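Report on one structure; see the data block that follows.
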Amino acid sequence: MTRYVVWAASWLFILVMLVTPPALVLTEALKDGVGASLLTLSDPDAQAAIWLTLRVSVVAVTLNTFFGILAAWVLVKFRFPGRQFLQIVVELPLSISPVVSGLVWLLLFGAQGWFGPLLERWNIHIVFAVSGIILATLFVTLPYVVRTVMPVMEVQGRDAEEAAVLAGAGFWQVLWHVTLPGVRGALFSGVLLTTARALGEFGAVSVVSGHIPGETETMPLHIENLYNGYQSVAAFTMAALLALMAMSAVLLRSAPDWLARLQEKKA
Amino acid sequence: MTLSRLAFLKAGGSALPGYRLSLTLTLAWTGFFILLPLSTLLVYPWQGGTGSMLSALHDSRMLAALWTSFSCAGVAAACNIPCGLLLAWALARGNLPGHRLADALIDLPLALPTAVSGITLATLYGPRGWLGSLLTVFGISVSYNKAGIVLALMFVGLPFVVRAVEPVLRNLPHELEEAAHLLGARPWQIFVRVIAAPVLPALITGFGLAFARGIGEYGSVIFIAGNQPFKSEIAPLLIVVRLQEFDYPGATAIALVLLCVSLFSLALIAGVRRRFAVWSEPA
């Protein structure tokens with residue numbers, strides 16, 4: 001009896017709290033039909049927003065993956081003074097408000113910031129430009145690869161790497177041929193989490209972007225702009241597209257498991 | 001043997017190569033992308049002198065915004081405790097039909113970009129939305145006031161509570177409950193004495209994570225909040241407002257308070273976890 005009450009209450013809660021929002025995004029986007037909804041995506045500002053989001057995400061994911069692997073390697077394979085401090089520092093962005101993550105770049109490179117006047121003289125624009133958006137996204141997405149890769153590297157141990165070194169392998173060879181294949185799954189998952197977060201980042205980017213339509217507006221910022229301008233269909237179409245991109249990145253993380261299960265069934 | 005021992009001493013206690021290179025690159029990377037930006041928060045407020053910092057901290061609009069953020073995040077995290085406990089129980093112990101789908105749906109708030117959750121919740125609970133119009137019948141309004149903020153923060157914080165509690169419930173030996181039952185304990189006694197005790201640290205962890213996330217949350221809240229100064233204006237939004245007024249010291253003061261509170265609550269969780277480490281680590 002109690003069991004049925006728990007089931008009913010759980011599903012009721014999930015339906016009301018978690019299923020209605022994505023359902024609403026789709027119905028609002030398709031309110032005037034698929035054609036009208038797709039038409040809003042052909043708007044030049046919408047296309048510019050999509051391209052900017054993709055560009056920023058590719059840069060952020062690439063850099064944070066490369067440095068994330070190195071950071072995980074140094075944190076797991078070596079013991080040195082300040083190691084725990086470094087580990088805390090790497091995870092800091094996770095506990096910082098998105099708005100604050102944007103603000104710090106203004107304090108560095110904004111007109112009133114530390115290096116603002118210097119950059120002004122050299123005519124370099126970081127804040128309210130694409131570079132600022134990239135910096136804010138890098139800051140926000142920095143911990144994900146390190147965090148997902150580290151525990152698996154820890155379990156992996158060092159025997160294989162030490163054997164490779166004795167056989168004459170150099171650093172990059174060990175990393176590329178021995179360590180990375182062993183943490184492939186976690187790395188894949190970390191890269192996808194980074195991607196999802198980079199695509200959807202709103203608060204941090206909002207602070208440094210300057211909101212210039214067609215130039216420094218990413219998809220989330222364009223959604224805000226459209227929504228506040230009462231262009232509901234366009235806003236929710238863009239929201240549906242963004243949610244689809246971010247959620248497929250998150251869901252794709254279990255793809256290796258599905259494939260393994262499929263092969264098991266076949267065998 | 002001596003050779004590997006020598007290398008061991010030289011390279012950070014390990015015989016592996018690349019210590020210097022990877023450490024240098026990691027330090028440069030974290031230094032430029034985390035420590036340098038964050039150091040501005042610690043230094044910038046004092047650049048105008050201690051007086052201006054103190055007067056920035058006495059701004060009544062700022063105190064109201066901080067109170068709104070902290071109280072709403074606290075209430076939302078507290079509301080998520082029973083809901084999260086229910087879902088975690090259903091997933092870990094209840095053989096919930098369709099548990100795989102439910103499991104994926106729990107993480108939805110983490111996967112949904114905050115701007116998307118923001119406009120969606122605002123429409124859903126707005127006066128003419130699916131759930132908002134339903135609530136209006138009962139005379140409840142959850143949009144453009146603090147109830148809306150709490151609701152948005154509940155949505156965002158739910159996965160943290162469920163994911164903190166679920167592994168603990170899963171790893172709790174069934175034998176404990178069976179033994180308690182055989183010894184004559186009533187169901188509520190089993191719940192309070194056998195289940196609640198080991199789950200408590202996980203609940204505190206979930207509460208703390210949801211709270212820390214809630215005080216900083218921006219995108220999913222601002223659309224539903226109404227953003228009236230002194231009433232429904234959250235602290236992160238006031239930072240944005242101050243920046244638009246070019247009041248950088250004012251914005252930094254709020255940011256510093258948010259950062260300290262969030263780090264403090266996370267340190268508190270770490271302390272609680274260490275204190276009750278017996279049950280909270282998954283086997």
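Nothing in this text is a laboratory measurement; each read-out follows from the coordinates by a stated rule. Since the structure is predicted, the reported quantities are computational estimates derived from the model, not experimental observations. A quick note on method: Cβ atoms are made from the backbone with ideal geometry, for glycine too, and the neighbour counts reach across all protein chains shown.
With unit charges on the beta carbon (Lys/Arg positive, Asp/Glu negative), name the residue among A:Ala23, B:Ala185, A:His125 whose Cα is farthest towards the positive pole of the charge dipole of the protein assembly as shown.
Farthest along the dipole direction, towards plus: B:Ala185.
Could you identify which residue out of A:Phe171, A:Phe67, A:Phe236 has the top mean-square fluctuation in a GNM of chain A using Cα springs shorter than 10 Å?
Taking springs between Cα atoms under 10 Å, the residue moving most is A:Phe171.
Can you give me the distance in nm between label points at A:Leu94 and A:Trp122, each placed 7 Å from the Cα along the Cα-to-Cβ direction?
It is 3.4 nm.
Where nothing but the Cβ of Lys and Arg (+1) and of Asp and Glu (-1) is charged, how large is the charge dipole of region B:149-224 around its Cα centre, in debye to the nearest 20?
Numbers: 5 positive and 5 negative charges, 25 e Å.
Computed about the Cα centre, the dipole is about 120 debye.
Along the Cα→Cβ direction, 7 angstrom out, place labels at A:Val5 and A:Phe188. What is the inter-label distance in nm?
So the label points at A:Val5 and A:Phe188 sit 4.4 nm apart.
Arranged from highest to lowest average of other beta-carbon atoms within 10 Å per residue, in what order do the peptides A:96-103, B:246-253 appear?
Values: A:96-103: 28.2, B:246-253: 21.4.
Peptide ranking by packing, descending: A:96-103, B:246-253.
If you take the square roots of the eigenvalues of the alpha-carbon gyration tensor of region A:29-151 and sort them as a ≥ b ≥ c, do you get rounded (a/c under 1.5), prolate (a/b over b/c) or oblate? If you can, show how the numbers build up before the last one.
Details: a/c = 2.68, a/b = 1.42, b/c = 1.88.
Oblate, because a/c is 1.5 or more while a/b does not exceed b/c.
Where the only charges are on Cβ atoms (+1 Lys, Arg; -1 Asp, Glu), what is the dipole of the protein assembly as shown about its Cα centre, to the nearest 20 debye?
Working: 33 positive and 28 negative charges, 258 e Å.
Here the size comes out at about 1240 debye.
I want to check the label-to-label distance for A:Ala167 and A:Glu215. Put each point 7 Å from Cα in the C-beta direction and report it in nm to one decimal.
A separation of 5.6 nm, rounded to one decimal place.
Going by Cα centres, region A:189-244 and region B:189-234 are how many Å apart?
25 Å
Highest GNM mean-square fluctuation, chain A, Cα pairs closer than 10 Å: which of A:Gln87, A:Gln156, A:Gln173?
Maximum fluctuation in the GNM of chain A, among the listed residues, is at A:Gln173.
Say we join alpha carbon atoms closer than 10 Å with springs in a Gaussian network model of chain B; which of B:Ala77, B:Ala180, B:Ala92 then has the biggest fluctuation?
Answer for the Gaussian network model of chain B: B:Ala180.
Helix-only estimate, please: 222 nm mean residue ellipticity of chain B, summing -39500 (n - 2.57) across DSSP H runs of length 4 or more and dividing by its residues, to the nearest 500.
Values: 16 runs with 209 residues, N = 283.
Roughly -23500 deg cm²/dmol at 222 nm, from the helical runs in chain B.
Estimate the FRET efficiency between B:Ala196 and A:Ala111 by the formula 1/(1 + (r/R0)^6), using the beta-carbon distance for r and 60 Å for R0, to the nearest 0.05. Working shown, then result.
Working: r = 55 Å, r/R0 = 0.91.
That pair, B:Ala196 with A:Ala111, gives E of 0.65.
Among rounded, prolate and oblate, which fits chain A when a ≥ b ≥ c are the square roots of the eigenvalues of its C-alpha gyration tensor, a/c under 1.5 means rounded, and a/b larger than b/c means prolate? Could the numbers behind the result be given before it?
Numbers: a/c = 2.00, a/b = 1.17, b/c = 1.72.
Cα axes put chain A in the oblate bin.
Is the shape of the protein assembly as shown rounded, prolate or oblate, going by the alpha carbon gyration tensor and its root eigenvalues a ≥ b ≥ c, with a/c under 1.5 for rounded and a/b larger than b/c for prolate?
Values: a/c = 1.41, a/b = 1.04, b/c = 1.35.
Rounded, since a/c falls under 1.5.
Pulled fully out, how much extra length does the chain show between B:Leu63 and B:Gln228, if you take 0.36 nm times their separation in residues and subtract their Cα-Cα distance? Spell out each step's value before the answer.
Details: separation 165, 0.36 × 165 = 59.40 nm, distance 1.39 nm.
Value of the extension gain: 58.0 nm.
Nearest 20 debye, what's the magnitude of the dipole of region A:104-199 about its Cα centre given +1 on Lys and Arg Cβ and -1 on Asp and Glu Cβ?
Values: 5 positive and 5 negative charges, 59 e Å.
Roughly 280 debye for region A:104-199.
Could you point to the residue in B:Gly84, A:Thr2, A:Gly110 farthest towards the positive end of the protein assembly as shown's charge dipole, with +1 and -1 charges on the Cβ of Lys/Arg and Asp/Glu respectively?
It is A:Thr2.
Work out the mean other chain Cβ neighbour count within 10 Å for the residues of B:232-243 and drop it here as an integer. Could the numbers behind the result be given before it?
Working: counts 0, 0, 2, 3, 8, 2, 1, 7, 6, 0, 1, 8.
Across B:232-243, the average partner-chain Cβ count within 10 Å equals 3.
To the nearest 0.05, what FRET efficiency results for A:Ser131 and A:Asn228 with a Förster distance of 22 Å applied to their C-beta separation?
Details: r = 26 Å, r/R0 = 1.18.
So the FRET efficiency works out to roughly 0.25.
Take peptide A:75-82, look around each residue's Cβ out to 10 angstrom, count Cβ atoms belonging to other protein chains, and average those counts.
For this peptide, the per-residue mean of nearby foreign Cβ atoms is 4.
Given R₀ = 45 Å, what would the calculated FRET efficiency be for B:Gln244 paired with A:Phe66, taking r from the Cβ atoms and rounding to 0.05? The partial results should precede the final answer.
On the way: r = 36 Å, r/R0 = 0.79.
The computed FRET efficiency comes out at 0.80.
Count charges around B:Ala76 for me, please; just the other residues with Cβ under 12 Å from its Cβ, Lys/Arg as +1, Asp/Glu as -1.
Numbers: positive: B:Lys146, B:Arg213; negative: B:Glu217.
Neighbour charge sum, excluding B:Ala76 itself: +1.
Taking beta carbons within 10 Å but only from partner chains, what does the mean come to for residues B:27-39? Spell out each step's value before the answer.
Details: counts 5, 1, 10, 8, 1, 2, 10, 11, 2, 3, 15, 9, 4.
Partner-chain Cβ atoms within 10 Å, mean over residues of B:27-39: 6.
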